[in-house]
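Asker: I have a structure I would like to understand better, so I am pasting it below and will then ask my questions one at a time.
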Amino acid sequence: MAAAAAEAEPATEEGTLSIYKAARRIKRRGSTLYNALRSVAEDAAFVAEIAALWPALPLVANLRCGLWYTQPRTLAATCYFKSTDGHAGNWSFSTARLNLHLALLAGERGGCIIVDSTRKGKRFPDSMSKTIPIWCSVLNRAIQRHRLRASNQGSRTNSEMSAAAPNGNGEKYSGSSNWDSSVHLPVWVLDTEKNAIEGRVEEWTDRFESCGADIHSLALGLHKPLRPLWISQNTCIWLNEVPEHELWEFTPIILVSASASGAVATQRMSSEFSWHYIPGAGDDEESWARGLTPALFWKHSYDLLDGGPDLCNQLVADIVEKDRVYRAQRGERSPQITVNHLKCSGDDGPYFYEEHTIITKPMNSDPSIITPIDTPCSNNSHLVVFWIGRSNLAVSSTIQVAVDLADVDCILNCDSTSRLPSSSSENSYLEIAIVGSKNDRFSLLKNLPKAINFAQRNLIARRKILLCCQTGEDISICVALAIITRLFNDSGCFDDGDSFVKRNITKLEMRKRLVFICKYAINARPSRGNLRQVYGFLCNEKAQLCC
């Protein structure tokens, strides 16, 4: 009787299965790794078609989702606009994500094409519907103010502005009267929301001007005001009547939403395999990519897609593991990848997740021979070393490439997973185990005194310092911010902290120095939690000096 009751229990649970749980099971069956990669490849073909309509305009990916829909060889730059800055009632203009390099690139090339996607069933993410239009309007208004002040003061004449513009196009737009600084939002944004956004543009422009951004360079680089345009898979474009972007009276920021707007995954067929289309499949890569990066995917896209759904997971595991070992042998960060592995208990049984670590050997290869999977050239983020003006400070995402640079005298490594190079001494190398604010809210705060002392000692000796972290976008940027605020004056010159004693530490002062850093380190993406720790450290330092 007990055995019979035990056998009947699962059936009872299955009979009382709710509609919500059943829908979740169906969604999990369709949200496989192969379906995600196949959906990304199909949407990337649409992005390539749009980019081909305006070949002169640079293709830009909005981090992080946009990277999946653009092949690295076609990508001109990246930008970082967050959808949270465009959420209803939470509109904002972030001075930590100014993306001024994008505005200068658009001014130089006559516009740009930005790629992003969303999996929420909408045609466009809020980053494209509101965040970028707000950004365009604020920059346009700041340029308008700058030109109006320059005209009133007589410091810059219209003839000089015309001479700075190619082909004389700057003369028409040098005056503020012809400069469009209004907010251009898509038609699906309600009038009430549009009015609320327009009412705050002046406030955001004041904040932008006060943060110390180089508006003068923007005014010289942009000869027509920025204006967003929206293109999705539902957009109708007559191929024989594609407008020339040079003829527009504005600098176009063409916003391409890569995925179809259908909220429900649909069944699609190829020559060999059947698969489910997932809108916005490239979003939230930690939950599905299993350690695969956009660069790795596009390098092995043919093998991954041609292998089919049965081999996809194993192929990805082999590619990621080869890349991990390749990096580990060169001293780069190479942790083993922990993923949520989808298992099935029988053909019709429920799906469930089980955490495990991928530890596999490359298929059909000698484990003693490591083949480069993703060479440093395939990922710009860990190749580039950004020098911050004339401060003798630089930031980078790895130390392997930087060690070979003759210009680097010492290294401050904020990534605890890397090892001390054998050729380095204690005076020229410092390793600090700093983790992100999501893992430890005080890790950066506790380790900043060591970083400041190391930087101070080497800057006095006029040595050039490289600051490294896992990505080169967050922790190393925050450490650089602390060093520049603590040891440099308002002009960006090293004064060993003399000016720090004399001035008050405010969030505005921090924001100005962060903008100064972001002017050179264009990939900077400091998190709010880490910035709070830098501010707390500087306030503590100021209090101790005043005692």
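The values are calculated or read from the model by the stated rules, or taken from the named source; none is laboratory data. None of these values were measured; they are calculated from a predicted model. Cβ coordinates were reconstructed from backbone atoms using ideal geometry, including for glycine residues, and neighbour counts include every protein chain displayed. Surface areas here come from the heavy atoms of the whole protein model, side chains and all, with no ligands, DNA or RNA. Shrake-Rupley method; radii C 1.70, N 1.55, O 1.52, S 1.80 Å.
Asker: If you roll a 1.4 angstrom probe over the protein chains with everything in place, what fraction of the accessible area of the stretch 386-546 belongs to carbon and sulfur, to the nearest %?
Answerer: It is 47 percent, rounded to a whole number.
Asker: Can I ask one more? Given the whole protein assembly as supplied and a 1.4 Å probe, what does the accessible area of His87 come to in Å², nearest 10?
Answerer: Rounded to the nearest 10, that gives 60 Å².
Asker: Would you please give the residues with an amide H less than 5 Å from that of Ile278, counting only those at least 5 places away or on a separate chain, with H modeled from the backbone geometry?
Answerer: Amide H neighbours of Ile278, under 5 Å, 5+ apart: Ser39.
Asker: Convert each backbone phi in the stretch 431-446 into a coupling constant with the Karplus relation 6.51 cos²θ - 1.76 cosθ + 1.60 (shift: θ = phi - 60°), then list the ³J(HN,Hα) values in order as whole Hz, x for Gly and Pro.
Answerer: The phi angles translate into 10, 10, 7, 10, 10, x, 5, 6, 8, 8, 6, 10, 4, 5, 4, 6 Hz.
Asker: If you don't mind, another one. According to a simple spin-label model (label point 7 Å from Cα along Cα-to-Cβ), what is the distance in nm between Cys546 and Trp188?
Answerer: 5.1
Asker: On to the next question. Roughly how many nanometres apart are two label points built 7 Å out from the Cα toward the Cβ at Asn195 and Val435?
Answerer: 5.0
Asker: Between Ser287 and Ile19, what FRET efficiency comes out of the Förster formula 1/(1 + (r/R0)^6) with R0 = 30 Å and r the beta carbon distance, rounded to 0.05?
Answerer: So the FRET efficiency works out to roughly 0.80.
Asker: Each residue of the stretch 106-122 in order: what ³J(HN,Hα) in whole Hz does its phi give by Karplus 6.51 cos²θ - 1.76 cosθ + 1.60, θ = phi - 60°, with x for Gly and Pro?
Answerer: 5, x, 6, 9, x, x, 7, 10, 9, 10, 7, 7, 8, 9, 8, x, 8
Asker: Let me ask you something else. So, with +1 on the Cβ of K and R and -1 on the Cβ of D and E, and no other charges, what is the size of the charge dipole of the stretch 386-546 about its Cα centre, to the nearest 20 debye?
Answerer: That gives a dipole near 600 debye.
Asker: May I ask you to order 136-148, 472-484 by the average number of other C-beta atoms within 10 Å around their residues, highest value first?
Answerer: 472-484, 136-148
Asker: Then there's this: Please compare each pair in Lys130/Lys194; Lys464/Lys512; Lys450/Lys512; Lys299/Lys322 to a cut-off of 19 Å on the Cα-Cα distance and tell me which ones are over it.
Answerer: Among Lys130/Lys194; Lys464/Lys512; Lys450/Lys512; Lys299/Lys322, the Cα-Cα distance tops 19 Å for Lys464/Lys512; Lys450/Lys512.
Asker: Which residues' amide hydrogens lie under 5 Å from the amide hydrogen of Leu229, considering only partners 5 or more residues apart or on another chain, with H built in the peptide plane?
Answerer: Amide H neighbours of Leu229: Ile253, Ile254, Leu255.
Asker: Fully extended, how many nm does the chain gain between Asp306 and His216 (0.36 nm per residue separation, minus their Cα-Cα distance)?
Answerer: Taking 0.36 nm per residue and subtracting the Cα distance, the gain is 27.3 nm.
Asker: Taking the Cβ of Ala96 as the center, what net charge do the other residues with Cβ under 9 Å away carry, scoring Lys and Arg +1 and Asp and Glu -1?
Answerer: The answer is +4.
Asker: Post the alpha-carbon centroid distance, the stretch 180-224 to the stretch 88-153, in whole angstrom.
Answerer: 7
Asker: Turning to a different aspect of this structure: Rolling a 1.4 angstrom probe over the protein heavy atoms, how many square angstrom per residue are accessible across the stretch 386-546?
Answerer: It amounts to 48 Å² per residue over the stretch 386-546.
Asker: Starting from the eigenvalues of the Cα gyration tensor, five times each then square-rooted, give me the equivalent ellipsoid semi-axes of the stretch 386-546, largest first, whole Å.
Answerer: 22, 18, 15
Asker: Where Lys and Arg each count +1 and Asp and Glu each count -1, what net charge lies around Ser391 among other residues with Cβ under 14 Å from its Cβ?
Answerer: Result for the neighbourhood of Ser391: +2.
Asker: Antiparallel versus total DSSP beta bridges in the stretch 386-546: what percent is that, nearest 5?
Answerer: 20
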